[in-house]
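Written out below as structure tokens is the structure these notes cover.
Laboratory data are not the source of any read-out in this text; all were calculated from the coordinates shown. None of these values were measured; they are calculated from a predicted model. Cβ atoms come from the backbone with ideal geometry, glycine included; neighbour counts cover every protein chain shown.
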Amino acid sequence: MISAILLLWLAGQSLSSEAAQHLQAGIAAEKDRQPAVAIEEFRKVTELEPNLAEGFVQLGQAYMQNRDYGSAITPLKHALKIDPDLVPAHQLLGYALLTQGFAAEAIPHLQRVQDKTALGIAQIQTGQFPDAVANLQAALAAHPNDPDVLYYLGRASGLLSKQSIDTLLAAYPESARSHQAMGENYFVLRRMQDAEQEYHQALQLRPDIPEVHLELGEVYAGAFQWAKAEEEFRAETRMQPGNAEAFYRLGAALLEQGKAHEARAELVRADKLLPDMPETLYSLGKAASLDGDAAAAEKAWLKLLAIEKATPLAAQAHFGLAGLYRTQGKTADAQREMQEFQRLQQGSVPPQQTAKPDAAH
Amino acid sequence: MITLAVCLAALADPVFDVKILRELDFTLQNSPTPQKYLIETMPGGVALLDYNNDGLLDIFLVNGGRLTSPMPSPENFDRHDPRYWNRLYRQNKDGSFTDVTQQAGLANAGDGNYGMGVAVGDYDNDGFPDLYVTSYGKNILYHNNGDGTFTDVTAKAGVAGGGWSVSAGFFDYDNDGKLDLFVTRYMEWDTRHSKDCGGNYHTYCPPEEFPATTNILYHNNGDGTFTDVSQPSGIAARKGRALGVAFADYDGDGYTDVFVANDGMQQYLFHNKRNGTFTEVGMEAGAALSEEGRRLSGMGVVFQDYDNDGRPDIIVTELPREIYGVYHNDGNGTFSYRSLETGLGALTSGSSGWGVGLEDFDNDGWKDLFVAQGHVLDNVESIDPSLHYLELPLLAMNHNGRFEHVDSGSTTPVAGRGAAFGDLNNDGWQDVVMTYLGGHPQVFLNHGGKSHWLTISLRGTRSNRDGFGAKVQVNGQTRFATSAGSYLSASDKRLHFGLGTAEKATVEISWPSGIHQKLNDVSADQFLEVRESEKP
């Protein structure tokens, strides 16, 4: 691309014939994927035309195509000394510096060409996380679902989050939010006793702080302490009567304890607050089934299946329906649901393993 | 108010006096190595049997063997070394035990065999219980000579099996009056093809890492020999990763069916078709997966009636986050998953269960649940701190079909594995013997109480002499006669019933022969032998 632009530009320039020949040879070598030859040809151009910035750009680019980013930096910098506004030189130098770890030095060049992706990556390396997030979001808008952009945006967001939390912990180490943040860290590390302690400290300092009961409930649920989990989820629902997740978690904790009727009531509330969530519908069906209300269970699972067709939850709903129909003596319906379940399970639950006659023992 | 306080205090008392008896100087040698050979974490079985017919339960314990890192080829587990012997302990009249292993002829189980489990049954109907010991390697059938000694009759009987056998059990699948033998096998594995998993954690591998294999059904020919009928019976038509097996007639057709607990896959329910063949119906019967259609790590299993509706239900012990599976027999040939309703969700979602029994420990007329517990991985805490390699056993009392945790009396967490159930001291209250890796067996002696009981011994005439497969109903409770179930273990063949406040009982027995017997006004608090009628 740069070579094509260069050729057009050179058409209007006075260039010695020898330099022009080397330039053409270099471009041809690049096309032939002979970077070492191209480098040699472009070097001769820079020797013959030491004030031709584009020649240095060509040399830098050839180095970069040869993956020798370090060697590209000097000719590209020289090009910008000759012509500080040469856009291709800024772009290539920005890339070369970034690949060599000189992110701070790369940033002005990348800003000059407004390469949002590379700029965002450089800003991650220099700790400018808010700017990195903004630039990578813009890059993602221009290139939706680009895996590299998605990765770096996720990383920048995580680092920004960590930076905020680190600031919080440094500035207000004994605050409720600091204890909450520490609890979350320990939870991720599966250090459940430490997480529990931090959440309790957060609640001692600010009993009305939202989300902490929910998170503490998750700690207890992870440790199979369902009664305690129920207590915390219930506290969260009292604090946040509009929080569908809190009601869902409460319902799930009750279900684990076999309190089907109570679980059902909480799951109904979760469904009202945030309708048609597949997880809620599945648990609602399960609770209704355990509560002896086959009609309600069937309704919840069929509703789920209207939303999700080929997910693990859909498979579970088919399996649940098969059980319902089997109990009701609806053999054909049960078989149909089992077939759907097994179809969705392909690879997850292997079919019955049939032995070869000669492989008995 | 005072009554309530007394009741609460009584409830708080442990049910058992947990003892490590000095005389039971047996250590379960599983021999863990850095190689993480999977067999290390799987033994060992225990049997409660009255081998000398003196009316006192004796204890047989299966040992693992010596493993080296790495194992040589051919494998040698040093079973000639007394440390690695299986052991038979005879109970004396004063309740103490004497090691009679050597004089009974049970000392050396073969250097090539790493021991796993034990089945007990009187396969030749001579009135003395015989032993079948399973192994990684070859299994051994010990015939009880009736004089305090046993003879290895494996070769003559043709029941050596091979590969990795785990739980086994005697039952009469064709109702011909002779006990047949079912042997579960875990997977196609050997020390040369072992591997460790878990990356830097170096853990035992999950079962899916190794090929599934078939179980074995041996038909008793009645002349001291057996015929391998795994193929013609349809049992070998399904490959699995079996660890547990239990027997009961779930559909009331008079023929005993087989439930196989498989690890990391669907469970198998083999329906007896009454013509010598079986069909695997677990999936369509609703007894194969969890409530959410997930595969289970089935390990131990019990096939008895927990809710007193007269039909055998299934409880399967599993790994954490799976919840022990309760499959309620709905009476139409199908089962419904009732783990949450029965309270096992809250009690078992963080535990790993192995040996399991449904026994009425408080004699209130409801069968309670005992589970030997402990994770498979000896370093599980470093991977997931919420899980534990060493656990206390679970004791959950049954209140109208719902289980509630109570204090068993055990205070030391162990890697529990085998568990056998029976009345060791003949006081009318069920006791437990539990094995655990690397340690001595734990004896759970029931403190007892004031409720009444009845313990029945069956004496089959037309049916097999042990009466295995008989359905016995007492005051609205039902038991299916068997010594099998649990994990790797064999329990007292006598059938124990708690009677609560009742001082009389009505006993109804449906023998495998089809004979039905009814006994009225049977006095409580006795050991009753019932001989099968000669005529229908």
- Query: Based on Cα positions only, what radius of gyration and what Dmax would you give for the range B:419-536, in angstroms?
  - Reply: 15.2, 51
- Backbone HN-Hα couplings from phi across the range A:268-282 [Karplus 6.51/-1.76/1.60, Hz, Gly and Pro as x]: 4, 5, 4, 5, 5, 5, 9, x, 6, 7, x, 4, 5, 5, 5
- Item | With 10 Å bins from 0: P(r) over the range B:320-438, alpha-carbon pairs, percent | 13, 41, 33, 11, 1
- Kirkwood Rh, the range B:77-193, all Cα pairs: how many Å? 15.1
- Message: Quick check of the Kirkwood formula: for the range A:82-204, what is the inverse mean of 1/r over all pairs of different Cα atoms, in Å?
- Response: 16.4
- Table column - 3J(HN,Hα) (Hz), the range B:468-478, Karplus curve with 6.51, -1.76, 1.60, x for Gly and Pro: 4, x, 5, 9, 10, 10, 9, 6, x, 9, 9
- Under 30 Å Cα-Cα from A:Lys116, which lysines qualify once same-chain neighbours fewer than 8 residues away are excluded? A:Lys31, A:Lys77, A:Lys81, A:Lys162
- Counting other C-beta atoms within 10 Å, which of B:Leu395, B:Leu519 has the fewest, and how do the rest follow? B:Leu519, B:Leu395
- Item | Whole-Å semi-axes of the protein assembly as shown's equivalent ellipsoid (Cα gyration tensor) | 67, 33, 26
- Message: From the C-alpha coordinates alone, can you work out the Kirkwood hydrodynamic radius of the range A:195-314, in Å?
- Response: 14.6
- Considering every residue in B:340-348, what mean count of other chain Cβ atoms within 10 Å of its Cβ is obtained? 5
- Query: If you project the alpha carbons of chain B onto the principal axes, what extent comes out on each, in Å, largest first?
  - Reply: 63, 60, 51
- Item | Stokes-Einstein translational diffusion, the range A:158-258 - Kirkwood Rh over all Cα pairs, 0.692 mPa s, 37 °C, in µm²/s | 239
- Task: Rounded to whole Hz and in sequence order, give me ³J(HN,Hα) for the range B:315-327 from the Karplus expression 6.51 cos²θ - 1.76 cosθ + 1.60, θ = phi - 60°, writing x for Gly and Pro.
- Result: 10, 10, 8, 8, 8, x, 6, 10, 6, 4, x, 10, 9
- Query: What does the charge dipole of chain B about its Cα centre add up to, to the nearest 20 debye, if the Cβ of each Lys and Arg holds +1 and the Cβ of each Asp and Glu holds -1?
  - Reply: 700
- Return, for the Cα atoms of the range B:456-518, the radius of gyration and Dmax in Å, separated by a comma. 12.2, 36
- Query: Taking the Cα centre of the protein assembly as shown as the origin and placing charges on Cβ (Lys, Arg +1; Asp, Glu -1), which of B:Gly438, A:Leu140, B:Ile509 is farthest toward the positive end of the dipole?
  - Reply: A:Leu140
- Item | Over the range B:31-146 - Rg/Rh using Cα atoms and the Kirkwood inverse-distance radius | 1.01
- Query: Average projected area of the Cα convex hull of the range A:84-141, in nm²?
  - Reply: 3.5
- Item | Residue-count net charge about B:Asn52 - beta-carbon cut-off 10 Å; Lys, Arg +1, Asp, Glu -1 | -3
- Relative contact order %, the range B:46-153, counting alpha carbon pairs below 8 Å whose residues are six or more apart: 24
- Item | Share of Cα-Cα pairs in the range B:131-207 lying beyond 18 Å, as whole percent | 55
- How many Cβ atoms of partner chains, on average, are near each residue of A:255-261 if near means within 10 Å of its Cβ? 5
- Per residue, how much space in cubic angstrom lies within the convex hull of the C-alpha atoms of the range B:369-459? 143
- Excluding same-chain residues fewer than 8 positions from B:Lys195, which lysines have a Cα within less than 18 Å of its Cα? B:Lys36
- Amide hydrogen neighbours beyond the local backbone of B:Thr101, cut-off 5 Å, H modeled: B:Leu88
- Item | Other-chain or far-sequence residues with amide H under 5 Å of B:Leu392's (modelled H) | B:Val414
- Item | Partners for B:Lys367 among lysines (Cα-Cα distance below 21 Å; same-chain residues under 8 apart left out) | B:Lys450, B:Lys471, B:Lys493, B:Lys504
- Query: Over the range B:203-354, with a single point scatterer placed on each C-alpha, what log10 of the ratio I(q)/I(0) does the Debye formula yield at q = 0.12, 0.21 1/Å?
  - Reply: -0.50, -1.34
- Message: Counting pairwise Cα distances across the range B:433-490, what percent come out greater than 16 angstrom?
- Response: 64
- Tally Lys/Arg at +1 and Asp/Glu at -1 over every other residue whose Cβ is under 15 Å from the Cβ of B:Thr501; what's the total? -3
- Query: What does the convex hull of the alpha-carbon atoms of chain A project to on average, in nm²?
  - Reply: 30.3
- Given +1 on the Cβ of Lys and Arg, -1 on the Cβ of Asp and Glu, and no further charges, what dipole in debye does the range B:421-536 carry about its Cα centre, rounded to the nearest 20? 360
- Note on the structure: Counting only residues 5 or more apart in sequence or on a different chain, those whose built amide H sits under 5 Å from that of B:Val166 are B:Thr184, B:Arg185, B:Tyr186
- Note on the structure: Projected onto the charge dipole of chain A (unit charges on the beta-carbon of Lys, Arg, Asp and Glu, signs +1, +1, -1, -1), the Cα from A:Leu98, A:Asn243, A:Ile165 with the largest positive-side position is that of A:Asn243
